[in-house]
Structure formats: structure tokens, C-alpha cells
Amino acid sequence: MLIGGLLSQLTIAQSLMEPLPDTTNLEEVSPSPAKERKLNFFIVSKREKGSLDLATRFNIMRSKVKSFFRKEKFVAIVAKNSREASSKIQYRLKKNNAVIGTLWFDSHGKYIKGYSLFHVGNDEFNPHSIHDKVVTKPIQELAPFIDSNSNIIIGSCYGGATYHRTSIDYTDTTRMNGDSLMIGLGEILGNGKVYGSEGWVMTKPGLFQKKAAVEGYPKRKLFLDKCYKPVWEHVSKWNSYVVTSDEFRPVNALTMDKFGNLKIRERSTKPGKEKKIQENLKRLKPGLYK
């Protein structure tokens, strides 16, 4: 995920005192039966020692704050690998006799690799490794806690991308295969719905807000390199995969409510947004990616 600017004490204070989200025009995804207890999870990779990753630090901070005040419904987990994440998730589910409502994997995408991916700590899951039973065993252990109303989100940039990406040196193209990653993840879990983004996943305005937290694009100059053309053409577009019906289809941008429940936004009608995207497409040029 991407973030602009340094975090300040004011930001932290505001996150602690922010008003409850306005759910106007939000469509709740698959409401769970009242008789069945659900727990929502937000999984953040543990920051490597010595690395400066402001986006990850910000997400750890705000998700932990939310988790502290809403521990009966929402759990934030920081994990160094998928084994640790899976063990912590299972512990909380068994302790509360619950199943998974929303499971959000917060992660970075790596466009330079030329394929969709997400990380859980040091473990990378991509269209190839998602079919390796040894690699995916910790995630597969969560299958008994997934039902038809469970939502699994690949929260990385390009995590559900289906287009061909021009290579950084413009010599060839590779297909991102985000659909293969989403379908593979769904097959491992055996039920529920999987979501992935065609474009960027943003930290601003932030999850748990009335706006679609993941809708938008970065401002840095390097993202105007022409290799990013397909991403600009897919801003705010997401895909969903329903496991039991084998249905893959586009959906609008996602966000979460104050309890970590997944929400799908109505299509953005912000004035000038589409115009700005078209302007940026015209500004694309080579040599900016460094």
C-alpha cells in the first residue's frame, strides 16, 4: 500500500478521536446470520528490522487502535510469516467459537515483478506459489473457518490485475494473472468470496472511513512512467471471485466499516476524477521509473 507524508502526533490523535463512519451509500457484503458469530481480521506483515515503511507502520497503528476498542468483532494481527498469522487467527476463532467474516491481507504489490502477489510477513503468494501445497498449508488450515459469507481480500496493489504489464525497460509485456491468484486462493479456502484490485490500493483517506479507502492513485512522478498505463486505465477497479459458483466478475472499490466488515462502494461520482485520470494518461512518458 502507498502513503504520502510522515505521520505526526496530530494524525495519531485524530485517529483515536475520529467520528463513527457514515455508511450512507455503502452496500454491506453478505451479512452473516445473527445466530452465527463472525470475527473480522486485518493481517499486517511485521516490518523488517531497519526498514522504513511508513505505510505499514500506519496500518499497524490504526488497525491496532480499532482492534483494541472492538475486540469482540475485529482483530488486527501483525505476523512475520503465514504460519504465525494462521496460528493467531485460529487461536482467536477457537477461543470465540467463531468463523471468519472478513480477512484482509494488507500488503504491498511489486509491479516490477510483472505478476500479482501479496505477502504475509516473509511469505510471498503469487499465481505460481498459490498452487504449492507446502507453501499454502498455513492458509489452507483456515478453510474450516470459512463459509459462504466469508470475504477474503488481497489488499495489495495489482493483487487482482488481469491486464498485460509493459516491462520497466519496455522490451516485453507480461500478464499479471491476478485472476489466477484470486481463484487459487479461493480453491485453497474452499468457500467464501475473494477480492483483488486491478489498480492501486491506497492508505488515504484510510480504511474504516465513509469513503472508499482504497480508491485513488499515487501522486509521485515515477507513477507517470508509461509502463503504468494499464494501471491508470484500471484505477479503482476491483474483481471478486465466488468460490462455490466459480464466478469471476468486476466490482466497485472496497472499504471497511468500524467493525472491520467489508463494504462495497457505489461507483465514485467525484467531479473531475475521471478527467484527471485521462489527463494523467496523456502525461505518461518513458524514463520516469527509477
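The values are calculated or read from the model by the stated rules, or taken from the named source; none is laboratory data. Being a predicted model, the structure only gives us computed values, none of them experimental. Using ideal geometry, Cβ is built from the backbone for each residue, glycine included, and neighbour counts are taken over all protein chains shown.
Only one of the numbered conditions (1) of a type outside the set (A, V, I, L, M); (2) part of a loop (DSSP other than H, G, I, E, B); (3) surrounded by 22 or more Cβ atoms within 10 Å (Cβ to Cβ) is violated by Asp147, and that is (3). Among the candidates Val120, Val78, Val99, Val135, the residue that is modelled with pLDDT under 95, of a type in the set (Val, Ile, Thr) and surrounded by 16 or more Cβ atoms within 10 Å (Cβ to Cβ) is uniquely Val78. The residues in the range 119-144 that are touching a Phe, Trp or Tyr at 6+ places or on another chain (Cβ under 8 Å) and assigned to a helix (DSSP H, G or I) can be counted, and the count is 3. One residue stands out among those in the range 234-262 that are touching a strand residue (DSSP E or B) at 6+ places or on another chain (Cβ under 9 Å) and of a type in the set (Gly, Ala, Ser): the one that is surrounded by the fewest Cβ atoms within 10 Å (Cβ to Cβ), which is Ser240. Scanning the range 119-151 for residues that are without any contact (Cβ under 8 Å) to a residue 12 or more places away in the chain and either within 16 Å of the chain's Cα centre (by Cα) or under 15 Å from Gln90 (Cα atoms) (or both) yields a total of 3. The single condition from (1) closer than 16 Å to Val99 by Cα; (2) part of a loop (DSSP other than H, G, I, E, B) that Tyr170 fails is (1). Mind checking whether some residue in the range 97-118 is over 19 Å from the mean Cα position of the chain (by Cα) and assigned to a helix (DSSP H, G or I)? Checked against the condition, which is being over 19 Å from the mean Cα position of the chain (by Cα) and assigned to a helix (DSSP H, G or I), the range 97-118 yields no hits at all. A Cβ distance below 7 Å, combined with a sequence gap of six or more or placement on separate chains, defines the contacts here; from the range 163-181, residues that are on the phi > 0 side of the Ramachandran plot reach residues that are outside any strand (DSSP E or B) in the pairs Tyr170/Cys227; Tyr170/Pro286; Asn177/Tyr115; Asn177/Ser116; Asn177/Pro127.
Out of curiosity, is Leu185 in a helix (DSSP H, G or I), at pLDDT 90 or above and more than 18 Å from Tyr115 (Cβ to Cβ)?
When the stated conditions are applied, Leu185 does not pass them.
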